Amino acid sequence: DAAVQAARQILVQLESTNRFSVRIGINTGNCIIADIGSRRAGRMDRTCIGDMVNVAQRLMTKAEPNTAVFSRYTYLALTDKPADISTLTPQQLKGKTFPVLSYQLHVHSLAKIASVQAIRLAPMALAS
């Protein structure tokens with residue numbers, strides 16, 4: 001839920017600026033997180049590896065600019081399913097035998113929802 005909510009917030013903020021675009025890929029699963037590098041050389045980086053990370057990156061490359069695409073595993077893990085998503089045609093991803101089912105979060109409907117909510121809140125704020 002947190003990753004999809006973060007993607008929603010990023011996309012809504014970016015839509016209002018029009019300064020640059022992003023593509024967001026989200027997947028849910030297990031990965032390995034480790035420190036890689038040399039302490040002696042003073043060069044240590046934390047990295048995350050695994051199939052889950054690869055699928056998220058490949059979903060990101062399939063996303064249109066200023067959209068978030070997430071996997072079926074992420075969709076199934078959501079406790080609050082957003083109404084503003086659509087199911088995409090299963091996509092063949094590099095390294096995967098079978099096409100991957102994914103979903104897209106709709107940015108434009110998010111902006112409209114935010115505007116409608118702001119309009120609904122404005123009269124209440126003026127009345128109090």
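The values are calculated or read from the model by the stated rules, or taken from the named source; none is laboratory data. Because the structure is predicted, anything quoted here is derived from the model rather than measured. So basically every Cβ, Gly included, is an ideal-geometry build from the backbone, and we count neighbours across all protein chains shown. Keep in mind that these areas ignore ligands, DNA and RNA; they rest on the heavy atoms of the full protein, side chains included. Shrake-Rupley method; radii C 1.70, N 1.55, O 1.52, S 1.80 Å.
The table below lists the values:
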| quantity | calculated |
| --- | --- |
| Test for ILE10: is it part of a strand (DSSP E or B) and surrounded by 11 or more Cβ atoms within 10 Å (Cβ to Cβ) | no |
| Test set (1) touching a residue at least 40 places away in the same chain (Cβ under 8 Å); (2) in contact with a Pro (Cβ under 6 Å, 6 or more places away or on another chain) - GLN104 fails condition number | (2) |
| Any hit, the range 107-128, residues being in contact with a Ser or Thr (Cβ under 8 Å, 6 or more places away or on another chain) and modelled with pLDDT of 85 or more | no |
| Check on ILE32, modelled with pLDDT of 90 or more, open to solvent by 80 Å² or more (accessible area, probe 1.4 Å) and either touching a helix residue (DSSP H, G or I) at 6+ places or on another chain (Cβ under 9 Å) or β-branched (Val, Ile, Thr) (or both) | yes |
| Matching residues, the range 68-81, being within 18 Å of ALA56 (Cβ to Cβ) and surrounded by 10 or more Cβ atoms within 10 Å (Cβ to Cβ) | ALA68, VAL69, PHE70, SER71, ARG72, TYR73, THR74, TYR75, ALA77, LEU78 |
| Sole residue being of a type in the set (S, T, N, Q) and either open to solvent by 90 Å² or more (accessible area, probe 1.4 Å) or closer than 16 Å to VAL100 by Cβ (or both), chosen from THR61, THR17, THR47 | THR61 |
| Output for the range 35-65, where each listed residue is at positive phi and either of a type in the set (Lys, Arg) or at pLDDT 90 or above (or both) | GLY50 |
| Some residue of the range 68-81 being in a loop (DSSP other than H, G, I, E, B), in contact (Cβ under 8 Å) with a residue 24 or more places away in the chain and under 13 Å from the mean Cα position of the chain (by Cα) | yes |
| Residue that is farthest from VAL55 (Cα to Cα) [pool: residues in the range 82-98 that are surrounded by 11 or more Cβ atoms within 10 Å (Cβ to Cβ) and of a type in the set (Val, Ile, Thr)] | ILE85 |
| Filtered residues of the range 45-67 (kept if more than 23 Å from LEU14 (Cα to Cα) and in a strand (DSSP E or B)) | ASP45, ARG46, THR47, CYS48, ILE49 |
